[in-house]
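Trainee: Take a look at this one; I'll ask things after.
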Amino acid sequence: MKLQDAVETAKSQGSLQQQLWEITQTPWKSGILPSADDLTKARASLPSSLGAEGQGFESTKQHILNDIVPAFNGSSISPHYYGFVTGGVTPAALLADNIVSAYDQNVQVHLPGHSIATDVESNALGLLLDLLQLKRAEWHNGTFTTGGSASNALGLACGREYVLRVAAETKGASIQSIGEHGFFEVMQAAGLSGVQVLSTLPHSSLVKAAGILGIGRANVINICQNNDPLKFDMERLETELAKSGKANLVAVSCGEVNTGRFATANLDEMRELRRLCDKYGAWLHVDGAFGLFARALDDSAEFNSIKKGGEGIELADSIAGDGHKILNVPYDCGFSLCRHPTEAHNVFQNANAAYLTGNGNGAASIPSPLNIGIENSRRFRALPVYASLLAYGKIGYQNMLKKQIRLARFIAGWLYDHPDYNILPEGGTKEDLINQTFMVVLFSAKKDGLNRCLSAKINETSKMFVSGSSWQGRPACRIAISNWRVDEDTDFDLVTSVLDTVAKGDNAANQQ
Ligand SMILES: *Cc1c(COP(=O)(O)O)cnc(C)c1O
């Protein structure tokens, strides 16, 4: 079924789905951000303390719909919200997510006689691998998480466990598992003084993961080339890997959040990273929160350079991905994949809790989620993924992504020619720029006066929303396109009219 048909079906079903659909359509007709009045009204409506008597279901419902909801933003519902990388929610994912809430399955232990939930979760992971063109035989190990941040933490945790075990083994030490004995004891046994994460323009959440895991934020090291902050300087990388006393994780930004570009340009570059990691016993992690989905594209020449950015990811040891961005399922959802089937268990297993081990019937091909991820009790967040993949298939997702990329490229090309704006990173021909544009457009105003308040001026229109960012010390704006509702033609008209109006307004003000 085509997406637009699905929307029509959702609208016409006289059902829960229709009610929710309508709720999600109403408040955003006027603007992407709530009005100041709506925000004030909503804040004033919040109770100062919990009453002894509840106010009841109906009154609570009215309060939420009339006071709270109007003060939400349209970030996921409007295709013109280009902040962060936000994604939307497909109709099938919305349906499934409401079923998840209604039935409230706890996906914790694989109990095949009690619920189908863990089977569905495992199946959804398999469908996702098919979409991403990763071999099930190698990659069907992983788990659903709360998002890219958690997935980065899981990937680095598995990597930390692995590299230190290898180092301890080499020393002939019997203490080898951080999960079991702790970081400090394994480091001592391995005779190491630290763990480093070597990357280029890593996402802030990867640095945060290093903080959580005791590696330390300061030990995430940028190994970029002098003239390109996203490309690995292979010589420096090898020097760091060869340092004695350090264990290393290499993290590839497969889709860098500010520019949307890729740290590796093709399979050969990933092969070289793999070779170096093997030579020095390092772990290769890919942060593919949104960039991973480049692999879902078809082989047409139009998207060739993007598809190449996702090449060779199958050579990694762990991969972090996001569900609530390009996959267009609701918050919160991400996934963590690991090529080593037992590594997550080494880190996350519950100790000796016999009642948590399932029914021991030998059907343990599906691991219990509680032993391979952070949570014990946990939401059935795989169902929206399952539903959306089944409903739209590979081609449905390719079509969503194509529209997003085409819109980003239209805007990038238009900005390239615009007298008042710079497209970033600068340099290169227009054709190169367009070929390298995925679904993020980074730009600035040429005049400093306008540039300082550019994102505010654009967002004041409430017709679209951009993130404020920076590039090489100057403020910049970022348009990130990841909503299934995007229409490349009408949205291009809207974006260019807003950007033209903002530039013209500034030129007029300067002439007065
Ligand atoms: C968004 C993002 C993350 C963090 O994901 P959350 O879902 O926000 O936790 C990590 N890495 C990259 C490249 C991202 O774009």
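Trainee: Using the Cα gyration tensor of the chain, with a ≥ b ≥ c the square roots of its eigenvalues, what is the shape: rounded (a/c below 1.5), prolate (a/b larger than b/c) or oblate (neither)?
Mentor: Working: a/c = 1.74, a/b = 1.18, b/c = 1.48.
It is oblate, given that a/c is not under 1.5 and a/b is not larger than b/c.
Trainee: Starting at the first residue of the stretch 319-331, write each ³J(HN,Hα) from the Karplus equation 6.51 cos²θ - 1.76 cosθ + 1.60 with θ = phi - 60°, in whole Hz, x for Gly and Pro.
Mentor: Karplus values, whole Hz, x for Gly and Pro: 9, 9, x, 10, x, 7, 9, 5, 5, 6, 10, x, 4.
Trainee: Round to the nearest 0.05 the FRET efficiency obtained for residue 212 and residue 511 when R0 = 60 Å and r is the Cβ-Cβ distance.
Mentor: Numbers: r = 53 Å, r/R0 = 0.88.
Working from the Cβ atoms, E equals 0.70.
Trainee: Which order do the peptides 320-326, 173-179, 160-166 come out in when sorted by mean C-beta neighbours inside 10 angstrom, highest first? Don't skip to the answer; put the middle values down first.
Mentor: Details: 320-326: 29.1, 173-179: 17.7, 160-166: 23.0.
Taking the mean over residues of other Cβ atoms within 10 Å, the ranking is 320-326, 160-166, 173-179.
Trainee: If you don't mind, there's one more thing I want to ask. Distance cut-off 25 Å, Cα to Cα: go down the list 402/430; 325/446; 325/463; 308/394; 325/402 and report the pairs above it. Display every interim value, and only then the final one.
Mentor: Numbers: 402/430 19 Å; 325/446 31 Å; 325/463 21 Å; 308/394 18 Å; 325/402 15 Å.
Checking Cα-Cα distances, 325/446 exceed 25 Å.
Trainee: Per 0.36 nm of contour for each residue apart, how much would the distance between residue 504 and residue 376 grow if the chain were fully extended, relative to their Cα-Cα spacing? Don't skip to the answer; put the middle values down first.
Mentor: On the way: separation 128, 0.36 × 128 = 46.08 nm, distance 5.54 nm.
Additional length available on full extension: 40.5 nm.
Trainee: Any chance you could list P(r) for the stretch 105-379, counting all Cα-Cα pairs in 10 angstrom bins from zero, rounded to whole %?
Mentor: All Cα pairs considered, the percentages come to 7, 30, 35, 21, 6, 0.
Trainee: Order the peptides 456-467, 192-203 from the highest to the lowest mean number of other Cβ atoms within 10 Å of their residues. It would help to have the intermediate numbers written out before the result.
Mentor: Values: 456-467: 18.9, 192-203: 21.2.
Answer by packing, highest mean first, reads 192-203, 456-467.
Trainee: Within 10 Å, count the other beta carbons around each residue, average over each peptide in 222-230, 389-397, and list them highest first. Show your work: numbers first, answer last.
Mentor: Values: 222-230: 14.4, 389-397: 17.8.
Listed from highest to lowest mean packing, they are 389-397, 222-230.
Trainee: Helix-derived [θ] at 222 nm for the chain: sum -39500 (n - 2.57) over DSSP H runs of at least 4, divide by residue count, nearest 500? The partial results should precede the final answer.
Mentor: Numbers: 20 runs with 227 residues, N = 512.
Counting only the DSSP helices, I get -13500 deg cm²/dmol.
Trainee: Residues in the stretch 85-119 near a label at residue 136, defined as backbone nitrogen under 16 Å from the 7 Å Cα→Cβ point?
Mentor: Backbone N within reach: 119.
Trainee: Further question on the same structure: Go ahead and run the numbers for FRET between residue 103 and residue 36, Cβ-Cβ distance against an R0 of 45 Å, rounding to 0.05.
Mentor: Working: r = 39 Å, r/R0 = 0.87.
That pair, residue 103 with residue 36, gives E of 0.70.
Trainee: List, in order, the whole-Hz ³J(HN,Hα) value for each residue of the stretch 157-171 obtained from phi through the Karplus relation with A = 6.51, B = -1.76, C = 1.60 and θ = phi - 60°; use x for Gly and Pro.
Mentor: 3J(HN,Hα) across the stretch 157-171, in whole Hz: 5, 5, x, 4, 4, 5, 5, 6, 5, 4, 5, 5, 4, 4, 7.
Trainee: Then there's this: How much length, in nm to one decimal, is gained on full extension between residue 116 and residue 59, taken as 0.36 nm per residue of separation minus their Cα-Cα distance?
Mentor: Numbers: separation 57, 0.36 × 57 = 20.52 nm, distance 3.63 nm.
My answer for the length gained is 16.9 nm.
Trainee: Can you give the charge dipole size of the stretch 105-379 about its Cα centre, rounded to the nearest 20 debye, using +1 on the beta carbon of Lys and Arg and -1 on the beta carbon of Asp and Glu? The partial results should precede the final answer.
Mentor: Numbers: 23 positive and 29 negative charges, 83 e Å.
Magnitude of the dipole: close to 400 debye.
Bear in mind that the values in this text are calculations on the coordinates, not laboratory data. If you're wondering where the values come from, they're calculated on a predicted model, not measured in any experiment. FYI the Cβ positions are ideal-geometry reconstructions off the backbone, even for glycines, and counts take in every protein chain you see.
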